[in-house]
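Take a look at the structure below.
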Amino acid sequence: MAVSIIRTAILYLLTVGAIRCMGKRQLGELEPSELVITLLISDLATLCMQDLETPLISSVIPIVTLVVLEIIVSFLTLKIPFFNRVLSGRYSVLIDDGVIMQKEMKKSRMTVGELMEELRQNGLMAVEDVKYCVLETDGKVSVIPKKSATQATLPLILISDGTPVSENLRRRKLTLDDLAGILRSRGVSSPDGVFLLYEIAGKYTCIRKEDQP
C-alpha cells in the first residue's frame with residue numbers, strides 16, 4: 001500500500017513538472033503537438049500506477065524523453081518557421097471585413113450555426129458588424145468587431161447552407177412563397193444558391209454560395 005502511494009506521488013509530481021516545463025497553464029492553450037505529448041505523458045504515468053510490477057523507471061524515462069523532445073521542438077519552432085507551420089498549423093480567417101470566407105469555413109469544418117454562436121458569445125449579432133473572425137491554431141475563435149457595430153437584436157437564420165430553417169420561418173410567419181420572394185428581390189432563384197440568409201429587425205441579409213453564379 002505504501003509503495004503504491006509513493007509511486008503515485010512521484011508520478012504525479014513528475015507529470016505536473018513535465019506539463020509546467022511545456023510552459024502552458026491551461027489545456028485550451030496547448031498547440032496540437034503539445035496536446036499529443038500531454039496525452040502521451042498521462043498514459044505513461046498511469047502504466048506504473050495500475051501495475052505495481054512494472055518498474056517505475058519504465059514511465060520516468062519515456063516521460064523525461066517526451067519533455068526534452070518538446071523543449072527541442074519548441075526551440076526549433078521559434079528559430080525555423082517551417083517547423084511552426086507543420087506542427088501548429090496556420091490560423092484561418094472566417095470573416096474578413098463583414099464577408100464570410102466560405103472556403104475557409106469548409107476547410108475548418110465549421111458550420112454556420114457554430115459561427116453565429118461564436119459571434120453571439122462575443123456580443124455581436126450580425127456578420128456585417130465583424131471586422132475579422134479568426135480560427136486560431138489552438139481551436140479558439142477570435143472576433144474583432146467593426147467600430148460601428150451597434151446591433152443588439154438577435155438574428156434569426158432563415159437559410160443555412162442552402163437549407164431553409166422551417167422553425168424560424170414559422171416564427172416569422174413566412175411561407176416558402178414569401179421566402180422565394182425575398183430571394184428573388186436579391187437576385188437568387190432558389191435556397192440552394194444561398195449560404196446564409198438571416199433577418200434582424202425586419203432587415204434581411206443574404207450571402208450567396210461562392211460556387212454559385
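Would you mind classifying region 90-152 by shape? Square roots of the alpha carbon gyration tensor eigenvalues, ordered a ≥ b ≥ c; an a/c under 1.5 is rounded, otherwise it is prolate if a/b is larger than b/c and oblate if not. Verdict is prolate for region 90-152. The residues packed around Lys106, meaning those with a beta-carbon under 13 Å from its beta-carbon, carry a net charge of -1 if Lys and Arg are +1 and Asp and Glu are -1. Using the Cβ-Cβ distance between Lys131 and Val68 with R0 = 41 Å, the FRET efficiency computed as 1/(1 + (r/R0)^6) comes to roughly 0.45. Candidate cross-link partners of Lys107 among the aspartates and glutamates, defined by an alpha-carbon separation under 19 Å and a same-chain spacing of 8 or more, comprise Glu31, Asp96, Glu117, Glu118, Glu136, Asp138, Asp161, Glu210, Asp211.
Remark: spin-label model distance Lys106-Leu76 equals 3.4 nm, labels positioned 7 Å along the Cα→Cβ axis.
Mean projected area of the convex hull spanned by the Cα atoms of region 153-213, taken over all viewing directions: 3.8 nm². Taking label points 7 Å from Cα along the Cα-to-Cβ direction, Tyr12 and Lys147 give a separation of 5.4 nm.
Coordinate-derived values only; no laboratory data. Note that this is a predicted model, so its numbers are computed, not measured. In this analysis, Cβ positions are derived from the backbone assuming ideal geometry, glycine residues included, and neighbour counts consider all displayed protein chains.
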